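Structure first, then comments.
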């Protein structure tokens, strides 16, 4: 007979992996996270994420003590959040005129790094574990899967891959490495983390909107917002001049060979599409300090839609599946990616609760996990398609008003 609680292995200690692990642990499961990085601090990149329609679900997955610390990750927790603050301000990228405010009721913009620091608390994370393959063993125990890492093996009963947009496990689940590859969008996405040390320049950001604003309809999409106002530990806000802000830009292009911070800053400043953006978006790019204090990076955005339902063999008899960006990486428009990752996490926890209630039977596992996969593939596929459509409309000022962002706000995409 299977053990009462087979071990659940989560691959990837990003936000999705950490969140689902909390949900599982809260429901009494034995869960371990494996991540290839050496520690939670191994990667210096930070960016903002908007929590909106899935925020209540996220809070329900966390222990109350941890949910109470979510404010530590909010970019500016001191704001008086109301209907005007809980929007994304959208401007004409050519004239600088305000086009509309996209509603995001109940939303909070957070620092990914700071949220990750909150979520890693209280979890069993094994760092420095680079997964090579997953095998099914002949054991009659509950933990029938063998995870083969560069430095050894670990056994588990179920595996959830939350290892990001470049997931290694995706090829296993799909059964075809080529079909598991993400599709390049042809759109470059640059982010600069900036400390202007100048109150007027910071206010050029907050005057557009106290949280974040974007400009669309030009050759590039520009954006800006507040990343940090305090120490992330509940301390008081710093002077406005010392706030950390961010600048983003999306444009059609080819990823440059040199992508150091200084290289990307020069690329942004010298680009014609940056110079043609309406003020103050163009000015905010031009003001990025080149004294080494700014962190700037660029990537080509990619997306992926599952080619169909996952098979019994490729999922090792419905014991291995995907969640978050591993399952449906999408473009950033309307901030849907993490909302769907939260939904995946909640659905996965509910699926395992259901299987456990059925005595961990093979019939319950196959039916329940097949249903999880089917729903996730359909929902994620719709959300990915909508993100690609939104991107196509965002560079034409005549079409911006046709975007879901304009017509339906930041509501649930699928």
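Name the residue, out of 144, 173, 148, that is in contact (Cβ under 8 Å) with a residue 12 or more places away in the chain and within 23 Å of the chain's Cα centre (by Cα).
Result of the check over 144, 173, 148: 173.
Out of the residues in segment 86-103 that are farther than 12 Å from residue 212 by Cβ and touching a strand residue (DSSP E or B) at 6+ places or on another chain (Cβ under 7 Å), which is surrounded by the most Cβ atoms within 10 Å (Cβ to Cβ)?
Per the criteria, the residue is 93.
Can we say residue 352 is in contact with a helix residue (DSSP H, G or I) (Cβ under 9 Å, 6 or more places away or on another chain), within 22 Å of residue 169 (Cα to Cα) and assigned to a loop (DSSP other than H, G, I, E, B)?
The answer is no for residue 352.
Give me a count of the residues in segment 355-396 that are assigned to a helix (DSSP H, G or I), more than 30 Å from residue 300 (Cα to Cα) and out of contact with any strand residue (DSSP E or B) (no Cβ under 8 Å at 6 or more places or on another chain).
12
Among the listed residues 306, 279, which satisfies the condition of being outside any helix (DSSP H, G or I) and more than 30 Å from residue 371 (Cα to Cα)?
279
Quick check on this structure: which one of 316, 331, 322 is under 28 Å from residue 98 (Cα atoms), touching a strand residue (DSSP E or B) at 6+ places or on another chain (Cβ under 9 Å) and either outside the structural domain of residue 91 (by TED's automatic domain parsing) or at pLDDT 95 or above (or both)?
Working: 316 fails: under 28 Å from residue 98 (Cα atoms); 322 fails: under 28 Å from residue 98 (Cα atoms).
Just a single option satisfies the conditions, and that option is 331.
Which of the residues spanning segment 209-218 are out of contact with any strand residue (DSSP E or B) (no Cβ under 6 Å at 6 or more places or on another chain) and either over 24 Å from residue 252 (Cα atoms) or without any contact (Cβ under 8 Å) to a residue 12 or more places away in the chain (or both)?
Result: 210, single match.
For residues in segment 347-367 being free of Cβ contacts under 8 Å to residues at least 40 places away in the same chain and closer than 22 Å to residue 54 by Cβ, which is surrounded by the fewest Cβ atoms within 10 Å (Cβ to Cβ)?
350
For segment 44-62, name all the residues that are surrounded by 13 or more Cβ atoms within 10 Å (Cβ to Cβ) and part of a loop (DSSP other than H, G, I, E, B).
46, 47, 52, 53, 54, 62
Could you figure out which of (1) surrounded by 21 or more Cβ atoms within 10 Å (Cβ to Cβ); (2) touching a strand residue (DSSP E or B) at 6+ places or on another chain (Cβ under 8 Å) isn't true of residue 195?
It is condition (1) that residue 195 fails.
In the list 132, 138, which residue meets the criterion of being without any contact (Cβ under 8 Å) to a residue 24 or more places away in the chain, touching a strand residue (DSSP E or B) at 6+ places or on another chain (Cβ under 6 Å) and not assigned by TED's automatic domain parsing to the domain that holds residue 294?
132
The conditions are (1) surrounded by 14 or more Cβ atoms within 10 Å (Cβ to Cβ); (2) at negative phi; (3) in a loop (DSSP other than H, G, I, E, B), and residue 83 fails exactly one of them. Which is it?
(1)
I need the full set of residues from segment 153-181 which are closer than 21 Å to residue 332 by Cα and exposed (fewer than 15 other Cβ atoms within 10 Å of the Cβ), in order please.
166, 181
Residue by residue through segment 309-330, note down the ones that are part of a loop (DSSP other than H, G, I, E, B) and more than 15 Å from the chain's Cα centre (by Cα).
Listed by number, the residues that qualify are 309, 310, 311, 312, 313, 314, 315, 316, 317, 318, 319.
The values are calculated or read from the model by the stated rules, or taken from the named source; none is laboratory data. Computed from a prediction, not measured in an experiment: that's the story for all the values here. All Cβ positions, even for glycine, are placed from backbone atoms using ideal geometry, and neighbour counts span all protein chains on display.
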